[in-house]
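S.K.: One structure, pasted below without further comment.
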Amino acid sequence: MNGYKRQHPAKIFYLVSRRFWLMLIPLARGLVALRWDFYSWVRGAWFDILIVLFIGISAYLRWHCTYYKMESDHISIRTGILAKRNFCVPYEKSNVFLAEHKFFLRPFGAANLYLDTNAGGARKTDVSLTVPEKDCEQLFAAIKKDGGIKASYQPGMKRLVVFSIMFSSTLSGVIYIGTLLSQSGKLLGRSLQAMLFTAMTDVSKSLALKIPPVALGISLFLFAGWLFSFLSSLLRHIRFAVSRNGERLEISGGFFTKRNYIINSYGINYADLKQNLLSKLFSVMSINIGCSGYGKGKNEIPVLIPITTKSQALSSLKMLLPKSVPGGYGIKPRWDYILRFITMPAIFCILIPLASKKLFMMFPFLGSIIIFVCIMGEIPALWMLFIKLCAWVSTGIFFDEKNIILRYSYWYSFHTVIIPKEKIAKISISQNIFQIMSGACDVKIYPAGESPKPHMAIALNINALSDLLKASGLSFEKINNFRT
């Protein structure tokens with residue numbers, strides 16, 4: 001087909017749905033249980049067998065009817081079983097090129113290739129192919145161009161461990177483990193849940209703990225979620241290295257799954273210097289970037305520098321992203337705007353003990369569980385209160401000739417976002433009825449991108465902010481929240 005090729009056959013395994021595997025394992029288990037009585041097995045599970053065959057055949061047809069061709073300046077795709085679709089993606093319009101070498105694909109000489117632009121959706125990449133590794137090497141060799149600025153950075157192992165400890169998300173780990181247990185329960189039945197509960201009861205009794213098995217199970221579940229997030233983050237970023245070659249950034253890393261990125265610097269919409277409370281106390285931070293296609297995968301962080309000290313952050317940005325260096329002048333919240341920051345966490349800090357006391361009086365036989373849940377709920381509430389107190393001091397918006405710098409907190413993290421003025425899609429200033437009386441406002445800045453999420457700073461003086469935006473030549477939209 002004039003140079004067009006099919007994807008690597010390993011792509012078929014990606015195209016079958018999750019339901020295929022959920023049905024295949026019980027079917028195989030049923031065949032073994034019937035002692036390989038094929039006729040009885042087909043007679044009892046014929047409908048499920050037809051569904052599995054349909055899923056497998058449709059996956060094969062989707063692979064068979066997809067072709068690609070790599071040219072010197074673009075990649076062409078032909079796909080579709082009944083409705084045919086042809087399109088091409090120019091390399092110069094692609095923000096990110098990713099070659100993903102998964103450990104189970106490497107023995108077959110295959111790799112996943114992704115290309116992404118600003119034109120696609122926020123969740124899916126514009127081009128997603130499974131191709132021979134040599135095709136990835138040829139593509140990367142064609143788009144790499146020497147010239148211009150050259151610089152490189154590679155953090156040591158100790159820094160990567162600290163990064164994984166500080167920025168691991170217990171919530172994402174818990175969600176993943178919960179999903180895994182849920183899917184395992186579908187395959188193994190209720191025996192899995194019963195086995196886990198029995199194990200928690202035995203551990204609680206053997207250690208002579210006065211902790212209810214449910215409370216112990218929740219604690220271990222949360223710890224397992226954090227541990228999973230920590231290990232997955234460490235393995236994802238091990239051997240991490242970033243370098244600049246002209247207008248392109250090259251990023252690589254990974255243990256089981258090795259990833260190689262090439263990022264066009266013009267596609268980077270902002271830089272985000274991210275901290276949590278611990279890293280803020282120790283003056284370290286992680287530098288992320290906003291770029292369509294980078295950090296798009298599940299549990300993936302769009303990290304540029306995993307961890308660096310506050311003093312080294314500026315020099316690192318000058319080296320890798322010279323246009324995204326913070327500075328200039330700006331405004332911060334007034335001292336009397338503190339309630340805008342601490343009201344909600346303070347309410348939770350008060351309500352949790354009061355609600356627990358009421359529940360304890362109503363259900364005294366559940367006293368130990370209620371106390372445990374109260375402590376587990378009060379810790380994040382107090383943590384949030386401290387974060388919002390720090391945010392009251394650090395929040396602000398700043399300007400220089402090229403950038404807008406926004407400092408704010410979001411949940412349990414602090415952000416210093418540097419957005420070039422030409423990358424700003426929208427600025428929105430909003431006030432509720434109480435802010436109108438006090439002269440305060442909230443500002444949202446939307447950077448360019450596939451699905452831009454706003455960066456928001458609260459409790460700023462509206463007159464000072466309006467004057468600064470007008471002086472910088474930036475237009476904005478004003479909204480009264482209580483009217484909309």
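The values are calculated or read from the model by the stated rules, or taken from the named source; none is laboratory data. Not measured: the values here are computed from a predicted model. Positions of Cβ are backbone-derived with ideal geometry, glycine not excepted, and every protein chain shown enters the neighbour counts. The area values use the complete protein model at the heavy-atom level, side chains included, leaving out ligands, DNA and RNA. Shrake-Rupley method; radii C 1.70, N 1.55, O 1.52, S 1.80 Å.
S.K.: Order the following by accessible area, largest value first: 162, 96. Probe radius 1.4 Å; ligands, DNA and RNA are ignored.
M.R.: Order by accessible area, largest first: 162, 96.
S.K.: Sort 407, 248, 123, 62 by accessible area with a 1.4 Å probe, largest first.
M.R.: The ordering from most to least exposed comes out as 123, 62, 407, 248.
S.K.: Provide the solvent-accessible area of residue 361, counting protein heavy atoms only and rolling a 1.4 Å probe, rounded to the nearest 10 Å².
M.R.: My reading of the accessible area for residue 361 is about 140 Å².
S.K.: Please give, to one decimal in nm, the separation of the simple spin-label points placed at residue 88 and residue 369, each 7 Å out from Cα toward the Cβ.
M.R.: A separation of 6.5 nm, rounded to one decimal place.
S.K.: Going by accessible area, probe 1.4 Å, with all protein chains left in place, what is the ranking of 422, 247, 378, largest first?
M.R.: Highest to lowest solvent-accessible surface, that is 422, 247, 378.
S.K.: Can you list the residues, at least 5 places off or on another chain, whose amide H is less than 5 Å from the amide H of residue 426, using H built in the peptide plane?
M.R.: It is 446, by chain and number.
S.K.: Quick one: net charge around residue 407, please, counting Lys, Arg +1 and Asp, Glu -1 for every other residue with C-beta under 12 Å from its C-beta.
M.R.: For residues surrounding residue 407, the net value is +2.
S.K.: Next up: Run the 1.4 Å probe and let me know the accessible area of residue 472, rounded to the nearest 10 Å².
M.R.: Roughly 20 Å² of residue 472 is accessible to a 1.4 Å probe.
S.K.: Right, here's the next one. Give me a comma-separated list of calculated 3J(HN,Hα) values for the range 126-142, in order, Karplus coefficients 6.51, -1.76, 1.60 applied at θ = phi - 60°, integers in Hz, x for any Gly or Pro.
M.R.: Taking θ as phi minus 60°, the curve returns 5, 10, 9, 10, 10, 10, x, 4, 5, 5, 4, 5, 5, 5, 5, 5, 6 Hz for the range 126-142.
S.K.: Under a cut-off of 16 Å between alpha-carbon atoms, report the aspartates and glutamates in cross-link reach of residue 274, not counting same-chain residues fewer than 8 places apart.
M.R.: 300
S.K.: On to the next question. Taking the highest mean first, how do the peptides 226-239, 345-358, 71-84 order by number of other beta carbon atoms within 10 angstrom per residue?
M.R.: Numbers: 226-239: 18.2, 345-358: 14.5, 71-84: 12.4.
The packing order, highest mean first, is 226-239, 345-358, 71-84.
S.K.: Next question, about the same structure. Quick query: amide H of residue 8 versus all other amide H atoms, modeled in the peptide plane; which residues come in under 5 Å with a sequence gap of 5 or more or a different chain?
M.R.: 130, 131
S.K.: To continue, here is another question. How many angstrom separate the Cα center of the range 60-112 from the Cα center of the range 227-263?
M.R.: Computed from Cα coordinates, the inter-centre distance equals 22 Å.
S.K.: Okay, moving on. Considering just Cα atoms, how many Å³ per residue does the convex hull of the range 363-424 enclose?
M.R.: Cα-based convex hull of the range 363-424, divided per residue, equals 85 Å³.
S.K.: Find out how many positive minus negative residues lie around residue 99, taking Lys and Arg as positive, Asp and Glu as negative, among other residues whose Cβ is under 10 Å from that of residue 99.
M.R.: -2
S.K.: Follow-up. Rounded to the nearest percent, how much of the accessible area of the range 254-294 (1.4 Å probe, protein heavy atoms only) is carbon and sulfur? Write down the numbers at each step before the final one.
M.R.: Numbers: 820 of 1330 Å².
With neighbouring chains kept in place, the figure for the range 254-294 is 62 percent.
S.K.: What are the ³J(HN,Hα) values, in whole Hz, obtained from phi via the Karplus relation 6.51 cos²θ - 1.76 cosθ + 1.60 with θ = phi - 60°, for each residue of the range 46-61 in sequence order, with x given for Gly and Pro?
M.R.: 4, 5, 5, 5, 4, 5, 4, 5, 4, 5, x, 5, 5, 5, 4, 5
S.K.: Moving to a separate point now. How large are Rg and Dmax for the range 338-477 when only the alpha carbon atoms are used, in Å?
M.R.: 19.7, 65
S.K.: Let me ask something else. Within 13 Å, Cβ to Cβ, of residue 297, how many net charges do the neighbouring residues add up to if Lys/Arg are +1 and Asp/Glu are -1?
M.R.: Net charge around residue 297: +4.
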